[in-house]
Structure formats: C-alpha cells, structure tokens
1. Would you compute the Debye intensity of the stretch 203-445 from its alpha-carbon atoms alone, equal scatterers and no solvent, and pass along log10 I(q)/I(0) at q = 0.13, 0.17 Å⁻¹ to two decimals?
2. Search the structure for amide H atoms under 5 Å from the amide H of ASN571, placed 1.01 Å from N in the peptide plane, and list their residues when 5 or more places away or on another chain.
3. Can you give the relative contact order of the stretch 209-362 as a percent, counting alpha carbon pairs under 8 Å and 6+ residues apart?
4. Taking the Cα of GLN541, stepping 7 Å toward and past its beta carbon, and measuring to each backbone N in the stretch 334-350: which are under 20 Å?
5. Subtracting the Cα-Cα distance from 0.36 nm times the residue separation, let me have the gained length for ASN228 to ASN437 in nm, one decimal.
6. Quickly rank 298-310, 498-510, 585-597 as a protection proxy: mean count of other C-beta atoms within 10 Å, highest first.
7. Quickly work out the TYR472-to-LEU288 label distance, labels modelled 7 Å from Cα along the C-beta direction, and quote it in nm with one decimal.
8. At a Förster distance of 35 Å, what's the computed FRET efficiency of LEU612 paired with TYR500, Cβ-Cβ distance as r, to 0.05?
Amino acid sequence: MKMAPKKLAIKHSNNNNTNRPLDINDILSKNKSFVIQNTNDLNFIKPRLLSKKERTNLPVNNNKVKTNNKVHKITKSKKNHSNENKQIIENDKNTSQLLDNNSIEGVDTTSINSIKYTKKKQFQFDWSLNDDTSREVDPIIPKSLKINPLKNTFSNNTINISNKGNVQSQHSTLNNNKNNNKNNNYQHYLDKPIKEMTKRDWSLFKRENNITTYKSDIDPIRNWSDYNLIPRDILTRLTIDLGYGKPTPIQMCSLPNILMKNQDFLGVAKTGSGKTLAYLIPIFIKLLKTPSVHNKFRGLILVPTRELAQQIEVEGNKFGVCNLKSIVGGHSLEQINRDLSLDIDHNKEFVLIATPGRLIDCLDMGIVDLKYLEILVLDEADRMIDLGFEEQLDTIYNIIQKTRVATYNNNNLQILMFTATLNGTNISKLAESKLKNPIIIKLTSSSDKPNISQFFRYCPRYDNKSGTGNQYLSDKYKFDTLYNEILPHYNYPIIIFVNYKKTADWLLQQFEAKEEHHSHCYRVGTIHGSKSQDQRERTLQKFRTGELHILIATDVAARGLDIPNVSLVINYQMCRKLDEYIHRIGRTARSGQSGVSVTFVNETEDGQVMPLLFKFLKKNYPLNSINYDKNVEIKFDLKDYKNRGANNNKNMIFY
Ligand SMILES: Nc1ncnc2c1ncn2[C@@H]1O[C@H](COP(=O)(O)OP(=O)(O)OP(=O)(O)O)[C@@H](O)[C@H]1O
C-alpha cells in the first residue's frame with residue numbers, strides 16, 4: 001500500500017478551481033511558501049490508496065523511487081563510510097523532504113522509511129566497495145582460467161588473458177579493482193615481484209602447477225626472467241626463436257634449484273613436459289657462468305637409447321652456447337673420434353651425450369676424458385637400469401670419481417636425474433647410491449597427466465588344435481582391425497609399438513602387401529635393434545620430416561623421442577611393464593597437446609600385466625579418459641571402472 005502521490009496535483013493542474021491542488025510550478029512560483037488557507041487545502045494531502053496501474057504510470061513518483069533505490073544501494077555498500085553514508089542519506093532525505101515540503105506531492109515517503117529501515121535492521125556486511133572478491137584477484141581461483149573476451153556479455157568489460165596466463169584488465173572497473181587492491185596492499189601473486197611472494201603465495205602457486213618438492217628451500221621461477229638466472233642470448237632463443245612463453249613446471253623448479261643450490265637433483269615429470277630443457281638450460285648457464293676449461297667435457301648426459309642421445313644433441317646445439325657432442329653405439333670408434341672434432345667452436349664449453357656402453361669404450365680408448373666434469377645428468381634413469389646398464393653406470397661413476405680433478409669452479413660433481421616414471425625399487429636404489437642429499441621435485445598429480453584418450457580393444461588369441469596360439473590368425477585379426485577400423489580416422493604421424501623385431505618386420509610386410517591392392521598408400525618404416533645404426537637414423541629422420549607416415553617400433557623408440565604432433569600411438573602388442581606403457585603412449589600428447597592411444601589386449605597374453613595396468617590407471621588417470629570394449633570389461637572384470645566413469649562401448653569408436 002502506498003500513500004497518495006502528489007501526481008494527483010498534476011492531474012488537476014488545469015483546473016481553475018481555487019481549491020485545485022497546487023503543482024510544483026505553482027509552489028515554486030510562490031517562492032517556496034505555502035500556507036494552508038482553509039481545510040479544503042488539506043484534502044489533497046490526505047493519503048489516498050492508488051491502484052498498481054496508477055502507481056506505475058506516475059513518472060515523478062518512479063523517479064523518486066529510483067532516487068531512493070540509489071540511496072538504498074549506497075547505504076548497503078558503504079558500510080565503512082557509514083558517516084558519509086549517513087550524510088548522503090540525510091542529504092537525499094533532505095532533498096526529498098525539501099521537494100516534499102515544497103511540492104507536497106511527488107514524494108513516496110515509504111522510500112525514506114525504507115532507508116531508515118535498511119539502516120536499522122539490515123545486516124551490514126563487513127566490506128566496502130574497495131574490497132574485491134572477484135575472480136581476477138582471488139588467489140584461490142587459478143589464473144589459467146581462460147575467459148574469452150568475445151564471449152563476455154558485459155560490454156566494455158573485456159578481459160585479455162595473454163598466452164602467458166597474465167590477466168590484463170582493460171576496463172576501468174577492473175583497473176579500479178587493481179588500484180583498489182593496491183590501496184589495500186593486496187596483489188595477486190602472479191602480479192607480484194618474486195621477492196614479495198609470501199609463503200602462502202608460493203604454496204598456492206605450487207598447488208596450481210602440481211609441484212611437490214622435498215628438501216628444497218628454493219622457490220620456483222614463475223617466468224624465465226625471475227631471479228635473473230638466464231643470460232640474454234639464451235632468453236632470446238627461448239622466447240623469440242622457440243616461442244616458449246614461460247617455463248614448464250619442471251623447468252620452473254629445476255632452474256633455480258640446480259643453479260642456486262649446487263646440489264644433486266631428482267626430477268619426476270610426465271612424458272612430454274620439457275624435462276630435456278629442464279637440465280640443458282641449467283647446464284648451459286652453469287658452464288657459461290664459470291671460467292672455461294678449453295676443449296674438455298664439463299657436462300655429461302647419459303641416456304638409454306642412441307636416438308635419444310642424438311635428439312638431445314640436435315636440440316641443445318640449437319642454442320649455440322655450447323658444443324654438444326653425442327657418442328652412441330653403432331658408430332665406429334674412429335668415426336666417433338672424427339666426429340668429436342667436427343663443427344666445434346673452441347671458445348665454447350663442451351657437453352657430451354652418450355649411451356653408457358659406448359661411453360665406456362671411449363673412456364677405455366682414451367677418446368674422451370671426464371677429468372673436468374662438473375655436472376652429470378642421468379636421463380630416463382629408470383630405463384637405464386631396466387636395460388641392465390646399472391653396472392655400466394657404476395663403472396662410469398667410478399671412473400669419474402677417480403679421474404676427476406678438483407676444478408676451481410666446483411669441488412663437487414653435481415648429479416641430476418630425470419624420469420617420467422618412478423620405477424620403485426630400481427630408481428630409489430640408484431638415487432640412493434648416486435645422489436647425495438638430493439632435492440626432489442615431483443610433478444605427478446592426476447591433473448598433470450598428459451591428455452591422452454586411452455582405448456583398449458579386445459583381440460582374441462586364436463588357438464590351433466594343439467591349444468597353442470595361432471600367431472598368424474591372431475595377428476591377421478589385429479592387422480585388419482588396425483588397417484580398416486582405426487588408421488583411417490587419424491592423421492600422420494602415427495607410431496605402432498610391438499614387442500618383437502620379427503613382429504615389426506611382419507607388420508611392414510602386411511602394409512606393403514596392402515598397398516599393392518589399395519589406392520591409399522601409407523608410407524611405413526620400422527625401427528628396432530637389428531637395424532643398423534645408419535638405417536635407424538635415416539628412418540627416424542624420414543619420420544620426423546613426414547616422409548614416412550607410420551613408424552613401427554620396438555621399445556627403442558619408447559623413451560624420450562620427441563616427434564611433434566603424433567596423433568595416435570598403437571600398442572599392437574601390449575608391453576610387459578607398466579612404465580613402458582606410460583612411455584610408449586607418451587609419444588603422443590606432447591607439450592600440452594592431446595592424443596589417442598589404442599592398445600590391443602587379450603587375457604591369454606596380457607593376463608598378468610593388464611589387471612595391474614587397470615589398477616594403476618584407475619588411481620592415476622582421469623577415468624573418463626579410459627575406454628574399452630565389452631570383451632575387455634568381461635575378461636578383465638572392469639565393472640567397477642564403468643561405475644566410476646570409464647567408458648565401455650560395445651562397438652568402440654576410436655575417435
Ligand atoms: N617451456 C616450454 N614451453 C613450450 N614447449 C616446451 C617448453 N619446453 C620444452 N618444450 C617442448 O615440449 C616438448 C617435449 O619436451 P621434452 O622432449 O623435453 O619432454 P620430456 O619431458 O623429456 O618427455 P619424455 O619423458 O617423453 O622424454 C618438446 O617438443 C619441447 O621442445
């Protein structure tokens with residue numbers, strides 16, 4: 001119910017009756033003085049009920065309501081300025097009353113009452129307009145949240161998020177928020193200079209990047225330029241030439257810890273997460289910072305496979321700050337000797353990359369010496385143990401300890417280990433025996449897993465009468481499934497992993513046989529241990545350049561190989577170890593991309609490893625990334641999986 005508004009006066013304003021209600025002009029023209037002459041004058045100020053329709057048709061009144069709503073809002077939001085508010089309300093009230101008193105009509109007094117009510121009864125929140133709880137400044141909400149400015153429906157409220165994850169506010173509202181935050185001494189941790197980061201900021205930052213640290217009192221870097229660790233030429237190479245806007249989480253941790261602590265280091269991070277640069281950049285910086293030892297290897301990187309050694313050599317030499325040289329099996333010692341002196345700049349420091357066996361040969365023959373070694377990296381350390389290199393690693397380590405002279409740069413040999421999978425006992429044995437009081441960085445939370453859709457396809461083993469497996473029939477079924485159902489849906493490059501060299505060669509023949517009858521042509525190559533080193537290198541090079549579409553490989557290609565844009569990995573034969581599976585599928589979905597893996601399984605051949613793998617995947621990967629067909633569900637008892645979000649599909653579609 002509302003009191004009679006003064007609008008009635010307007011209604012009758014043309015009335016010549018002397019008793020007509022006065023309108024505002026009359027009142028103003030009477031110099032704001034109104035004297036009630038007789039009781040009739042009072043009639044129009046008597047309260048009168050109005051219908052809703054009448055009320056909404058009253059512009060004067062509506063304006064008044066707006067004014068009062070405004071006052072109401074101000075009252076609510078400015079608790080910290082209550083005196084000021086009081087003043088505003090009082091002013092507004094006075095203004096209203098002034099109008100009321102002068103015009104008498106046009107005032108909705110309930111509005112004023114409501115202000116009083118608001119002030120008295122309504123709960124006053126303990127923040128002011130200057131406090132901001134929006135996403136842009138909330139440290140708990142990850143900054144990586146992408147806001148598409150084009151989809152922002154609030155006009156002028158555009159928010160740009162740069163590819164480095166920095167929020168740039170373009171609208172005054174957000175700028176105001178920032179300014180206000182400054183006034184309140186509050187800044188998001190990514191906007192702070194690194195020195196001003198608090199303990200809490202660091203823990204939020206680490207949580208956001210899935211970083212777990214042990215025995216490290218050095219905070220990570222957030223950008224390449226933090227702590228001024230990286231010299232200008234390396235920085236230019238990283239950001240301008242390679243276009244790497246910011247370090248990956250493992251690089252954020254490895255750089256400051258390795259460079260500022262001079263302590264041993266163990267880094268565990270998923271496949272394709274940039275582990276190679278996580279040790280190469282610190283090596284470069286360390287060797288550049290300290291006095292040169294001409295023509296001597298000051299850095300050594302040990303890797304399990306030849307291909308990985310050569311890949312690191314190529315990647316590292318792109319920086320142009322050190323001479324990186326690789327020595328691998330399959331090359332004669334004469335050739336290695338020759339290669340070591342080719343294409344080198346004597347003003348730059350030397351870093352050696354090697355597989356353990358060949359390195360021992362070269363040390364024995366005096367082709368290389370490690371007297372001046374300052375930093376040793378064991379990349380894919382667990383794989384080296386799996387391949388039986390443990391003894392060789394010990395030999396190399398002993399030679400280094402014996403021959404190494406204490407340089408003026410550094411008395412300790414700094415040892416770094418990197419791996420994507422922590423193969424329990426083996427790696428901890430190695431870490432214990434080789435690393436002294438290491439800093440350990442783990443980036444292994446489930447959200448940090450590569451974005452791979454993993455499919456499991458049941459492929460039965462066909463048995464002959466004697467009950468032994470009919471390899472031909474089994475393989476034929478798999479190949480037809482692969483060729484007809486899966487490959488047509490994917491772009492190259494594609495990698496097919498097998499367990500045996502003979503299976504690789506057989507598969508190649510099947511592809512070649514198909515090409516005779518089909519117009520579609522896959523260019524396929526194989527890589528395995530029985531190929532000469534030269535053949536292996538040429539095949540890999542062709543695959544990298546796109547000359548080959550499909551690479552059929554044994555596990556020589558499972559570790560570390562970085563071939564961009566691999567869309568699909570096939571496990572034509574499931575491997576025997578969980579960590580090998582992780583490394584194989586890790587050839588796709590590298591550096592933040594997504595990918596697909598398809599694994600052919602049956603209970604006869606994979607009965608031992610698959611239950612363990614499914615258990616592992618359930619614990620460590622998002623279940624909706626696991627897909628399998630009905631037979632896989634039955635044979636491996638995956639009902640529980642389905643309930644929890646994995647996808648089973650009778651007619652599995654692999655894309
Ligand atoms: N800071 C970065 N920003 C973007 N891309 C990067 C960055 N650092 C490295 N990369 C790219 O990411 C890809 C994967 O890197 P890398 O081969 O070092 O991975 P990895 O962790 O060693 O993988 P694996 O465990 O399989 O050996 C490479 O193509 C590399 O060039």
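Computed from the coordinates by the stated procedures, all read-outs in this text should not be read as laboratory data. The structure displayed is predicted, hence computed values, not measured ones. Counting neighbours? That spans all protein chains shown, and the Cβs are built from the backbone with ideal geometry, glycine included.
1. -0.76, -1.37
2. PHE497, VAL598, THR599, PHE600
3. 21
4. 334-344
5. Working: separation 209, 0.36 × 209 = 75.24 nm, distance 2.62 nm.
Length gained between ASN228 and ASN437: 72.6 nm.
6. Most protected by this proxy first, the peptides run 298-310, 585-597, 498-510.
7. 6.2
8. Using R0 = 35 Å, I get an efficiency of 0.95.
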